[in-house]
Structure formats: structure tokens, C-alpha cells
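**Q** I am attaching a structure below and will ask some questions about it afterwards.
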Amino acid sequence: MELTIDKLSKHYGDSIAVDTFSIVLQPGIYGLLGANGSGKTTLMRMICDILKSTSGEVKYNNTNIKKLGEDYRDILGYLPQHFGYYPDFKAYDFLMYFASLKGLPHFKAKEKSLELLEIVNLTEVKNKKIKSFSGGMKQRLGIAQAMLNDPKILILDEPTAGLDPKERVRFRNLISTFGKDRIIILSTHIVSDVEYIADEIIVMKSGQLLNKGNVTQITKSIEGFVWECTVPSKEVKYLNETYTVSNLKNVGDQVSLRIIADKKPCEGAVNTPPNLEDLYLYYFEEGPAL
Amino acid sequence: MKDKKVKNTLEKYRVPQIPNSLIDNTVGLAKRAFERTGIKYEMSFREILVGQIKYISPSLWVIQAALLFIILVFLLVSNSTHNAYQSVITTISVASPIIALVVIPELAKSFNHHVWEMESTCKFDLQKLLAIRLIIIGALDMFVITIMVVITSTFYELSFINISLYILVPFNMASSIYLYILRRIRGKAATIICLTVGIFMALGVGLLAVYSELYTLISTFIWMTMFIFSTVVLVYELIHMLKSLQEGEKLEWNLP
Ligand SMILES: Nc1ncnc2c1ncn2[C@@H]1O[C@H](COP(=O)(O)OP(=O)(O)OP(=O)(O)O)[C@@H](O)[C@H]1O
Ligand SMILES: [Mg+2]
């Protein structure tokens, strides 16, 4: 199983949302990181074939997904960033409706819907109207919807938006157990959502592929740029204005700082191993993505 | 004699007691065995169509039924007015753009509620889904129109063909205009524009019908030509609407 994204571009008039993006995805969990407007949603929509690309193509096992059509959609699950529901639908109806569009036979649809409601912790409210749900509950229903047809390719656009910490953990566990023999792509701004479960991180900036690899590989690229130092509180203002500070903690009347900088930012600063959040800040702190 | 024998035998027969857990187990095993075969269950078109009927908004059935009731009341009351003929013509003329209008929210709902993105990625994509919705809605409209035609031609001295034409020509024209608006402008705005245009159209046709002699002055042949022309336009709009659903970014009428 292989999903090939081949020089994919999307132009909106003069602006370029996705810029000759190429990558080959094998089964695994991929975390798509990028600032607002970096083109994550646009890329995902093209992978789902709901948005025409300006140039380039997406291939599943070496066949263009447009050619596969229904057969491709049969193995695809998608959670859009902003999704809606019909106002008179209950949670269970919502899943049964999508199960019918996904071509599940009735007995299977019932079984699967109930199973997924349990998984996303909505069994108790399955007969409540969706409009009475909180944002996080709606989001979980959307995640269940994407998984109805047991998809081989699962695309989730900011699936953890609006989830509380407990539900975030549940979601992470769900994805890592679901993830075998599938291609799962999830976009997020929250680094910790993907840090532990993603096999590979894809960093996107201004529509381009900036970096990819597992967490150790890609954080290696900023090794030596992350510093820790403890300074008197009066120096904090200057450091904060000059450098990217990823963490700040008061220790007595001193302040302990974690700084991302190419050169040693202050006296007594020592290098520490970078984490994914440092990497994110390193790439995206210097200004807007476009 | 024979019957008794059979009865006795049947009564003698005892079903051995099997624990439910064993039954569940067997069913479970069979299900898993079936799933391993890789045989895909393919739904027939009829099955998909019937399956979708229950997902049509309940409000559509209610509104359509209420509308039909009002139309029938008007048609029957017309009998006692001094110019029954004119009254009937006015009623059916005003009714036809409205019958076409009440189904618009149903057609636009995927966009109004931003569900289209998920629907587009399902095995039966947005295009198939809307085609199915159109068939259901079209059948409903035709049902309502048939009842109107039958009632009118039974109670008044009007030919079946003429009544059908008087209803279908404005119906087709109105439907084409609504579909055009929906295709061009997506989102809630489109529905509101359709509503406004629909009401003006109903008023316009209604005013025209006051001069009901016009309807009889125009020969059946011309009505027939108008009918064929309007049907062609409607079919053209339907095809265009379904085609436009494949152009992703044009659907993005309202990125939140
Ligand atoms: N329909 C559109 N018309 C014009 N420009 C668009 C359209 N859709 C997206 N864009 C532009 O394309 C760029 C990428 O947008 P996209 O939504 O893919 O970013 P994103 O990475 O998903 O951002 P976010 O984190 O905010 O969800 C943005 O600059 C956006 O303004
Ligand atoms: Mg996005």
C-alpha cells in the first residue's frame, strides 16, 4: 500500500496554497505540522479528491485516485476541519446516514455505528440531537464518521481541536491502535498530539514540504540551537524580545529560560536536546507563513 | 387423520436447549468468516434510493402536504366563485412555482449545513447523493402535480392536457431558474434569493392568469412548444448542476 503525492500544487489566483508538494506515504501515522495558512487543509482536500489540483497528481498504489474514483473513496475516511450536520439529526442517525453513503449494509452499519459511538464515548447521548452537543462532542462524532468504513487511508484535519485533555489521550490511543496497516494523516497545531503517536512528522510551510522524518530525525536538524539558562529577572525582557523563548519559569528571584537561537544567547547558556515544540517554534516563530 | 399424525409428530419434537452464548459465538464466527472472504457487499441503486428516503428532512413532507392541502382548498372553493375558470387558472399558476420552491432548501442543505465536504468523500459521492435526492424530490413534485391535474380536470371543464401544460410550463421555468441560482450562488444566500425570486414569480404568473383568456388564446400547440422548450432548459440545468458538484473549489462558497 502506497500513497504517492507527486508535485502537487494549488494556486488561488496569484497566491499559492500548495507548492509542488511531493511525498510517498507507506502505512503509518503521519503528523502534518504547519502554521495557519501553510496549506494543510488544501493539501488534505486534494488528497481526498474534493479539490482539483492546479498541477500534479495523487496516486494510490500507482494509479491516479481520480481514475480509482469510487474504489478509492471506499477505502478513504475524512474529517474536514470545519464540518456540519443536519439540524434534525441525532448522533446515531448521523453515523447511520454516513454509513449508508459509504455503502455499508444495514446490519453492518448498525453494528459499526454503535461500536464507534462507544469508542468515542458518546453512547450515552446517541439519541440526542447533535445541535445540543458541545464542540468537543461534535468533533468526536466527526472522528467516528471518518472511521465508519474501516478506511485504509484516514485523513483527519485538526481532529483534536476542541477536545479536553482526557479526550485527547483517548484519541491518541485510538489512533495508535487503529493505525496498523493504514495510512493515517493528521494535521494539528498542537505538537504534543503527534509527538508520541506519529511515525513520521511532515512539516509544511508556505505550501511547501519543509522537513520530514521521525521525531528524533527532524529534531536533530536543530541540535545545538536550543539553550537553557538561568538569568536575573531584569534580563528577561531583553532576551524575550531578541530570541524565541520556548519556555520560561521562575526559580526564586531568577528566571530559567529555554531559548531557541543559532548562537549562544547569554552568558552561562548550555545546549539541551531539542524537542518537537522547539522545532515548531524554530520554523514558525520568525513571522507569518506567507 | 393425517393432520393429526403430523400434529403429533410436531408436538413430540423437542428443540435441544442451546445456551445463548454458543449461538452468539457461532454467529460471531460466521460473521468473521464472511468478512475474511473479502466479498464486497454491493448495494443496488434501488436499495440506495430507498435508503435515502428516510433522510429527507421531515419538514419537506410536512410543507409539501400542507401546500397540497391549501391548493386543494382553493381549487374546490373556486367552484362557487362567479368566475370559476379564472379562479382555477390563477390557483394552479400561482401554485406551480411554489411547489418547485419548497424543495429548494432540501437540495441546498448539504451546502447550507456544510456537510458536503464529508459527503463528497463517501463511496456514493455528492453527485450521486444529489441525483438521488432529485429523484425523490421530483417524484414528490410529480405526485402533487398529478393530484392537482386530476382534481381540476374532474371538477371543471378543462382538458387533462391543457391543465397539465398550464401547471408544468411555469413549474419547469421556475425550477430551472432556482437551479441556476443554486449553481451560481451557493450557501444560505442562494436559498434566500430563490425564495424571493419564487415569490415574485408566483405573483407575476398570478397577475398574468387574471387575464385568463390569454391562456385559451394561446393555442395548445404553442403551449406544447413552450413545454418542450422549458423541459429542455430544465434538463440542461439539472445536468449542469450535477456536473458542477465535481469542481471542488467552486463548492467552497463559504469557508468558515
Ligand atoms: N478558496 C480559497 N480561495 C483563495 N485562497 C484560499 C482558498 N482556500 C485557501 N486559500 C488560501 O490558501 C492558503 C492555505 O490555506 P489552508 O486552509 O490550506 O491552510 P491551513 O494550513 O489549513 O491553515 P489552518 O491552520 O488555519 O487551518 C491560505 O493562504 C488561504 O488563504
Ligand atoms: Mg486548515
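**Q** Note down the relative contact order for segment B:45-253 as a percent, whole number, built from C-alpha pairs under 8 angstrom at least six residues apart.
**A** Over segment B:45-253, the number comes to 30 percent.
**Q** Could you pull the Rg and Dmax for segment B:132-256, using just the Cα atoms, both in Å?
**A** 16.8, 56
**Q** Whats the longest run of chain B with zero trypsin sites (Lys or Arg not before Pro) that are DSSP loop and have at most 14 other Cβ atoms within 10 Å?
**A** After excluding every exposed loop site, the longest remaining stretch is B:55-256.
**Q** Based on DSSP loop calls and a cut-off of at most 15 other Cβ atoms within 10 Å, the longest stretch of chain A free of exposed trypsin sites (Lys or Arg not before Pro) is what?
**A** A:181-262
**Q** Only helical DSSP H runs with n ≥ 4 go in: add -39500 (n - 2.57) per run for the protein assembly as shown, normalise by residue count and round the 222 nm mean residue ellipticity to 500 deg cm²/dmol.
**A** Dividing the helical sum by the residues of the protein assembly as shown leaves -17000 deg cm²/dmol.
**Q** Which of the GluC sites (Glu not before Pro) found in segment A:179-226 are loop residues per DSSP with 15 or fewer other Cβ atoms within 10 Å of their Cβ?
**A** Those that pass, being in a loop and sparsely packed, are A:E223.
**Q** Dipole of segment B:45-253, Cα-centred, from +1 at each Lys and Arg C-beta and -1 at each Asp and Glu C-beta, to the nearest 20 debye?
**A** 300
**Q** Under 18 Å Cα-Cα from A:K90, which lysines qualify once same-chain neighbours fewer than 8 residues away are excluded?
**A** A:K110, A:K112, A:K126, A:K128, A:K129, A:K131, A:K138, B:K54, B:K109
**Q** Let me ask you something else. Determine the shielding of peptide B:121-131 by partner chains: average, over its residues, the number of Cβ atoms on other chains within 10 angstrom of each Cβ.
**A** 6
**Q** Over the whole of A:83-89, what's the average partner chain Cβ count within 10 Å per residue? Rounded to a whole number, please.
**A** For this peptide, the per-residue mean of nearby foreign Cβ atoms is 6.
**Q** Follow-up question, since we're still on this one. For segment B:101-198, state which GluC sites (Glu not before Pro) are in a DSSP loop and have at most 12 other beta carbons lying within 10 Å of their beta carbon.
**A** Filter output for segment B:101-198: B:E157.
**Q** Restricting the count to DSSP beta bridges whose residues both fall in the protein assembly as shown, what percent are antiparallel, rounded to a multiple of 5?
**A** Percent antiparallel among DSSP bridges in the protein assembly as shown is about 65.
**Q** Find the eigenvalues of the gyration tensor of the Cα atoms of segment B:45-253, then list the square roots of 5 times those eigenvalues as equivalent ellipsoid semi-axes, largest first, in whole angstrom.
**A** Working from the Cα gyration tensor, I get semi-axes of 33, 17, 15 Å.
**Q** Reachable lysines from A:K52, Cα under 21 Å, same-chain residues fewer than 8 places away excluded?
**A** Of all the lysines, those that pass the test against A:K52 - Cα under 21 Å, at least 8 places apart if same chain - are A:K7, A:K10, A:K40, A:K66, A:K67, A:K205, B:K123, B:K128, B:K243, B:K250.
**Q** Same structure, new question: Return the sequence-ordered ³J(HN,Hα) values of segment B:162-179 in whole Hz as given by the Karplus equation 6.51 cos²θ - 1.76 cosθ + 1.60 applied to θ = phi - 60°, using x for Gly and Pro.
**A** 4, 4, 4, 5, 4, 7, 6, 4, x, 4, 4, 5, 4, 4, 4, 5, 4, 4
**Q** Return the tail of the calculated pair distribution for the protein assembly as shown, meaning the percent of Cα-Cα pairs more than 44 Å apart.
**A** The answer is 37 percent, as a whole percent.
**Q** Residue by residue through A:46-53, how many Cβ atoms from other chains fall within 10 Å of the Cβ on average?
**A** Partner-chain Cβ atoms within 10 Å, mean over residues of A:46-53: 5.
**Q** Find which of B:V233, B:G51, B:A209 sits farthest along the positive direction of the dipole of segment B:45-253, computed with +1 on the beta-carbon of Lys and Arg, -1 on that of Asp and Glu, about the Cα centre.
**A** Among B:V233, B:G51, B:A209, the one farthest towards the positive end of the dipole of segment B:45-253 is B:G51.
**Q** Shifting gears a bit: Given Cα positions, please report Rg to Rh for chain A, the hydrodynamic radius being the Kirkwood one.
**A** Reported Rg/Rh (Cα atoms, Kirkwood Rh): 1.03.
**Q** Hey, what did chain A get for relative contact order, percent, Cα under 8 Å, at least 6 apart?
**A** It rounds to 22 percent for chain A.
Here, each number is a calculation from the coordinates, and none is a lab measurement. What you are looking at is a predicted structure, and each value in this text was computed from that prediction instead of being measured. Backbone-built Cβ (ideal geometry, glycine too); neighbour counts: all protein chains shown.
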